[in-house]
Every structure is written in C-alpha cells, then in structure tokens.
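The values are calculated or read from the model by the stated rules, or taken from the named source; none is laboratory data. Since we're looking at a predicted model, the values are computed, not measured. Cβ sites come from the backbone with ideal geometry, for glycine too, and all protein chains shown count toward neighbours. Areas reflect the complete protein model, heavy atoms only, side chains present, ligands, DNA and RNA absent. Shrake-Rupley method; radii C 1.70, N 1.55, O 1.52, S 1.80 Å.
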Amino acid sequence: MGMTGGKSVALLVGAGGAFYVVNRAVEQGRVVIAAGGRYEEILPAVPDGIAAAPFRISTAVPDLLGGLGAVVVIALIVLYVVAGKQNTRPGEEHGSAKWAGPREIKPFRAKTPATELQFTQTEALSFPTPKTKRNCNVLVLGGSGTGKTRSYVMPNLRKIDASTAITDPKGEIIRATRETLEGRGINVRTLNLIDLRSSAQFNPMKYFNPDEPETGVAQLAECIMMN
C-alpha cells in the first residue's frame, strides 16, 4: 500500500473513531441528564458506559447527529491543513513581479493619448481615476540635471488633456509650453512672486459689497491672518 493509501486509511479510522466516541458520549450525556444528574457528571460516566457495551452504536437521532458533527469537524480540519500545504502557484512562491512590456500594459492604456500618462516611448497608463479606479500617483527620482522635467513632465504636459498644477521655480516650463498649451485652448495662469507684472492677478476687493465695505475689509483681513 502506498503512502497516499495509508493516509486515507488512517483518516477513515480516525473519522470512525471520532464518530463512535462522540456518539457514545452524547448517549451517556442523555442518560445522565435523564436520571437527574448534573453536567459535570457526564464526562466521568462516558468510559464506564462505553466499557459496558463496547460494540454498540446508539441509533438515537441526537447521538447520530453528534457523531456526524465530529466527523464534519475533522474533515474541515483536514481540508484546511491540506489546502494550506498546496502549491497553487508553481514557480511563483516568492512573487511574480516583473517589468511590464507593451503586451502587459495594453489593457491599462486609453484609446486617446490625451488621457494617458506617458512613462516610456511604448508604456503609458490611462489616468481618469473616477473611471478607472486606479492609483495614478507617480514618483520620479533623479539628481539635478538627469532629465526629470525633460523626459517626464514636459512630454506629458504637452499631450494630456487635464487641469494641472506645476511648480516651476526656474520658469523654464512656462516658457517652453505656454504657447503650445494656449494653442490647444488651455487657460494658463502663472503665480510669479518675483515679477508680479508676469503673474496672474486677483483683486479680492472687486467682490466687496459697496454698501458694506467695512464688512468686506474685515472678512478679507481675517482670511489673510487665518491663512
């Protein structure tokens, strides 16, 4: 008999033994309770009850259900242990992560380049998050002069159709892309704290109620101080 056959016989014997013991234990419990005994007297009475009729199995419904319940519990435990030992991903036990190529990235791309974040010449990712439910956060690492702006920010800024907020301390991005963006009908606004003549402007006093100017001034001052 092979190892598998031996294990099967052992499981059957164990299940049968569990059924027998629980069946007789439930039977003795009923007998003790019917005689006016207490619950703590049931366990000591089980060995004597089995010894008095070792080859008998109770056919009472509660006793049969108790034995079947024990078999089910053992079966579930065995299934849990066996399933936990199964190798369901051969060759991928330590992970399967790899660099995606054009074939792997295709299902994640959009039909129009204007709704994609471009990463390489062949790899891009659709970014309308409310539709795709996908995390589109991107981290670009590189030292000064390694091309973070030139190779990632600028290509995406020139193609995507979306509102963007960009920090541009050198002013190179606005100089290189303003004409292209405005040509596509995009409104470009710049906050320039060095040259205010080149900065977009906002006059909050334009929205004051002329009938209550003091209230508007107080609200503006409070807003500035709070922020």
Checking the condition open to solvent by 80 Å² or more (accessible area, probe 1.4 Å) and among the small types (Gly, Ala, Ser), which residue from ALA34, ALA25 passes? ALA34
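Condition first: among the acidic types (Asp, Glu), open to solvent by 50 Å² or more (accessible area, probe 1.4 Å) and under 30 Å from GLN201 (Cα atoms). Can you find one or more residues in the range 178-188 that meet it? Give the steps one after another, and end with the answer.
Going through the range 178-188, the residues among the acidic types (Asp, Glu) turn out to be 179, 182.
Still in the list and also open to solvent by 50 Å² or more (accessible area, probe 1.4 Å): 179, 182.
From what is left, the residues that are under 30 Å from GLN201 (Cα atoms) are 179, 182.
Looking for residues that are among the acidic types (Asp, Glu), open to solvent by 50 Å² or more (accessible area, probe 1.4 Å) and under 30 Å from GLN201 (Cα atoms), one finds at least one in the range 178-188, hence yes.
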Take the range 157-177 and flag every residue that is over 16 Å from THR115 (Cβ atoms) and loosely packed, with under 12 Cβ neighbours inside 10 Å. ALA165, ILE166, THR167, PRO169, LYS170, ARG175
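Residues in the range 204-217: is at least one in a loop (DSSP other than H, G, I, E, B), under 23 Å from ALA114 (Cβ atoms) and open to solvent by 80 Å² or more (accessible area, probe 1.4 Å)?
Looking through the range 204-217, none of the residues is in a loop (DSSP other than H, G, I, E, B), under 23 Å from ALA114 (Cβ atoms) and open to solvent by 80 Å² or more (accessible area, probe 1.4 Å).
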Within the range 42-56, take every residue that is surrounded by fewer than 14 Cβ atoms within 10 Å (Cβ to Cβ) and under 54 Å from the mean Cα position of the chain (by Cα) and give me the one that is modelled with the highest pLDDT. PRO47
Within the range 158-175, identify whether any single residue is in contact with an Asp or Glu (Cβ under 7 Å, 6 or more places away or on another chain) and either of a type outside the set (A, V, I, L, M, F, W, C) or over 22 Å from GLN121 (Cα atoms) (or both), and answer yes or no. yes
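Inspect the range 125-133 for any residue being in a helix (DSSP H, G or I), at pLDDT below 90 and among the basic types (Lys, Arg) and give the result as yes or no. First the steps, then the outcome.
First pass over the range 125-133, keeping only residues in a helix (DSSP H, G or I): 129-132.
Those still in the list that are at pLDDT below 90 too: 129-132.
Still in the list and also among the basic types (Lys, Arg): 131.
Yes, that holds for at least one residue.
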